[in-house]
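The next block holds one structure in the form of structure tokens; read it before the comments.
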Amino acid sequence: MAKCKRKRTPKSVLKLPDLEQSRSAVLNSLTSPSSQRTYDHAIREFIEWYCSEPRLAFNKTVVTRYRISLEQRHYASTTINLRLAAVRRLAYEAADCGLLSADLAAGIRRVKGAKRLGIPVGNWLTAEQGKRLLSTADSVSLRGKRDYATMAILLGCGLRRAELTALRVEDIQQREEHWVIADLVGKGGHIRTIPVPDWVKAGIDGWMGASGITAGTLLRSINKAGRIWGAGFSPKVIWGVVKEKAKVCEIPSLAPHDLRSYAECRIMPN
């Protein structure tokens, strides 16, 4: 964890340079790229809100007000609690750098999160919706085969976007007559082996056969001419694919992480 070498006089009101310094300290303390992206987005949103208010002290009362503002925007309790976790981490790093007093940081860490009531929110796809989503991919074009393989892996294997973009051909192995994604290093450095259903493997084989990819990164970018470009693609491409196909299927507010919650056994593609 990156620490500030020189302690400073603690403050109650943090200015933008202080907040940016603390934000950098938070990001440097995280090892997972996924966590870094999530915390960076959450902290930037808090800094924008904090700096829009007239000279607020960075304390428990202000963070409670921020939680209320998130609730008024009708964010899900999970989203609110994640944002608050990032703010608590920001306060901890600011105190560790000597920018914020330990008492104020301790108060911020005691801010209660939003209550989680009822069932988890999100889009829980039915088997029919899963079929429709897969059927939107063009089975003839190279881009269509890639999009089908992308959604099939999300639906059948439950990978995160960052895990999917980093997936290599060599990761897909046969173990005891079953196909698996072997020793996948995921969020927080956790290692797991994921079964690959036959219908997902068929989609992967269709993409590999059409693209000629036999090693390295499995999924690649495709240029406007319909040819493979580069040695991979970004998580934003996955987001675009899912949003585009969901719009065709008229499934509102569908995101890639919703496909992760989809049970493999509930889908029986034709």
Q) Restricting the search to region 24-53, which residues are open to solvent by 60 Å² or more (accessible area, probe 1.4 Å), over 30 Å from Val185 (Cα atoms), at pLDDT below 90 and of a type outside the set (A, V, I, L, M, F, W, C)? A) Ser52
Q | Those residues of region 233-253 which are open to solvent by less than 40 Å² (accessible area, probe 1.4 Å), more than 21 Å from Asp171 (Cβ to Cβ) and in contact (Cβ under 8 Å) with a residue 40 or more places away in the chain, in sequence order | A | Val242, Lys245, Ala246, Cys249, Ile251
**Q.** Single condition Pro256 does not satisfy, out of (1) buried (at least 19 other Cβ atoms within 10 Å of the Cβ); (2) free of Cβ contacts under 8 Å to residues at least 24 places away in the same chain
**A.** (2)
Q. How many residues are part of a helix (DSSP H, G or I) and within 17 Å of Ser34 (Cβ to Cβ) if we restrict to region 219-241?
A. 5
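In region 89-106, what residues are assigned to a helix (DSSP H, G or I), surrounded by 17 or more Cβ atoms within 10 Å (Cβ to Cβ) and not aromatic (Phe, Trp, Tyr)? So that I can check it myself, show each step before the final result.
To start, the set of residues in region 89-106 that are assigned to a helix (DSSP H, G or I) comprises 89-96, 102-106.
Next, from what is left, pick out any that are surrounded by 17 or more Cβ atoms within 10 Å (Cβ to Cβ): 89-96, 104-105.
Of everything in region 89-106, those that are assigned to a helix (DSSP H, G or I), surrounded by 17 or more Cβ atoms within 10 Å (Cβ to Cβ) and not aromatic (Phe, Trp, Tyr) turn out to be Arg89, Leu90, Ala91, Glu93, Ala94, Ala95, Asp96, Leu104, Ala105.
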Q.
Among the residues of region 107-129, are any open to solvent by 10 Å² or more (accessible area, probe 1.4 Å), part of a helix (DSSP H, G or I), over 26 Å from Glu244 (Cβ atoms) and in contact with a Phe, Trp or Tyr (Cβ under 8 Å, 6 or more places away or on another chain)?
A. yes
Q | Residue ID - farthest from Cys157 (Cα to Cα), chosen from residues in region 214-232 that are open to solvent by 30 Å² or more (accessible area, probe 1.4 Å), of a type in the set (Gly, Ala, Ser) and under 24 Å from the mean Cα position of the chain (by Cα) | A | Gly230
Q. Across region 52-80, what is the total count of residues that are closer than 19 Å to Arg23 by Cβ, polar (S, T, N, Q) and in contact (Cβ under 8 Å) with a residue 12 or more places away in the chain?
A. 1
Q) Among Lys187, Lys243, which is closer than 21 Å to Ala137 by Cα and under 23 Å from the mean Cα position of the chain (by Cα)? A) Lys243
Q) Out of region 1-23, which residues are open to solvent by less than 50 Å² (accessible area, probe 1.4 Å) and at pLDDT 85 or above? A) Asp18, Leu19, Ser22, Arg23
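Just give me the residues in region 54-64 being loosely packed, with under 15 Cβ neighbours inside 10 Å and modelled with pLDDT of 90 or more, in sequence order.
Of region 54-64, the ones loosely packed, with under 15 Cβ neighbours inside 10 Å are 54-55, 57, 61.
If the condition is that a residue be loosely packed, with under 15 Cβ neighbours inside 10 Å and modelled with pLDDT of 90 or more, then Thr61 is the only one that fits.
The values are calculated or read from the model by the stated rules, or taken from the named source; none is laboratory data. Values in this document were obtained by computation on a predicted structure and should not be read as measured data. FYI the Cβ positions are ideal-geometry reconstructions off the backbone, even for glycines, and counts take in every protein chain you see. Accessible surface is based on the protein model in full, side chains and every heavy atom, while ligands, DNA and RNA are left aside. Shrake-Rupley method; radii C 1.70, N 1.55, O 1.52, S 1.80 Å.
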